[in-house]
Amino acid sequence: MKTPFKPILLFLLFSAFVSHGAVTLLEDNWDDIGAGAANGLGTGNNAAKTTPIADPTGSGRGNVGSVDIGKLKADGTGPLGTSPWGEVRAPWPGSIDLPAGAVAGTDTFTMQADIYIPADTTFDTDAAGNGAADRINMILRWNGINQGAANKKWNWDSLAADTWHTLSFSGLIKENDNNGDPTTSIIPIFSFYDRSNNGAPGVAAYIDNVSISVTTTPIPEPSVGVLGILGSLLFLRRRRR
């Protein structure tokens with residue numbers, strides 16, 4: 001009687017050389033992980049500020065980040081930013097290298113954050129009056145290039161007020177950037193888009209439990225894989241006898 005050699009061998013080969021894991025590249029919960037702009041999320045363009053404050057929503061989650069898109073200059077003369085785009089991202093320069101074992105074009109990424117929009121948000125929720133709603137975007141730039149970035153959007157008026165929402169965005173790590181170069185780094189961005197550029201100073205949203213991770217495909221030392229396969233072959237040969 002023949003032993004089902006080939007299927008088992010193929011399985012052993014696959015198991016020996018491919019094993020997916022996950023690596024967290026950045027976390028921030030404004031308590032004991034990240035600790036706000038110092039070690040977790042930093043400030044992106046146009047000064048979307050995240051100030052750590054005690055959770056005002058009654059959810060019992062400790063500190064959260066308070067997002068202000070209309071923050072005034074120190075002298076009170078006007079907003080720090082003049083564009084509708086306000087961002088928070090990894091600390092300057094905002095770029096994170098892919099970890100060893102991450103295979104662009106094969107492995108995946110996940111961006112996640114909890115978002116809370118207070119009923120008195122400084123963002124404009126009048127989508128009809130403005131032609132479109134303000135929104136939050138999750139953006140992942142490959143090698144820091146704007147073009148060809150992965151992104152997902154949530155309109156402000158699609159998220160119920162005074163409620164915590166867990167927003168998540170996953171996808172394939174792009175094999176090459178828009179210049180054709182292999183992807184070796186990413187710039188993750190949480191973008192608060194004030195479409196009419198009329199956000200007042202104050203709280204646009206609260207953010208918490210930010211996480212950015214990628215899957216990896218570690219490849220063991222060839223000797224380890226080969227020894228394992230040879231041992232399995234020897235076991236199968238003995239059984240056939």
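The values are calculated or read from the model by the stated rules, or taken from the named source; none is laboratory data. These numbers were taken from a predicted model, which means no experiment stands behind them. As a convention, Cβ positions derive from the backbone with ideal geometry for all residues, glycine included, and neighbour counts pool all protein chains shown. The protein model used for the area step is the full one, side chains on, heavy atoms only, and it has no ligands, DNA or RNA in it. Shrake-Rupley method; radii C 1.70, N 1.55, O 1.52, S 1.80 Å.
Descriptive notes on the structure:
- Counted as qualifying within segment 1-90 are no strands (runs of 3 or more DSSP E), as none has 2 or more residues that are on the phi > 0 side of the Ramachandran plot, modelled with pLDDT under 70 and surrounded by 15 or more Cβ atoms within 10 Å (Cβ to Cβ).
- Of all residues making up segment 162-202, the number that are assigned to a loop (DSSP other than H, G, I, E, B) and modelled with pLDDT under 95: 9
- So Arg135, is it in contact with a Phe, Trp or Tyr (Cβ under 9 Å, 6 or more places away or on another chain) and among the basic types (Lys, Arg): yes
- Any hit, segment 214-227, residues being open to solvent by 20 Å² or more (accessible area, probe 1.4 Å), modelled with pLDDT of 60 or more and closer than 26 Å to Asn146 by Cα: yes
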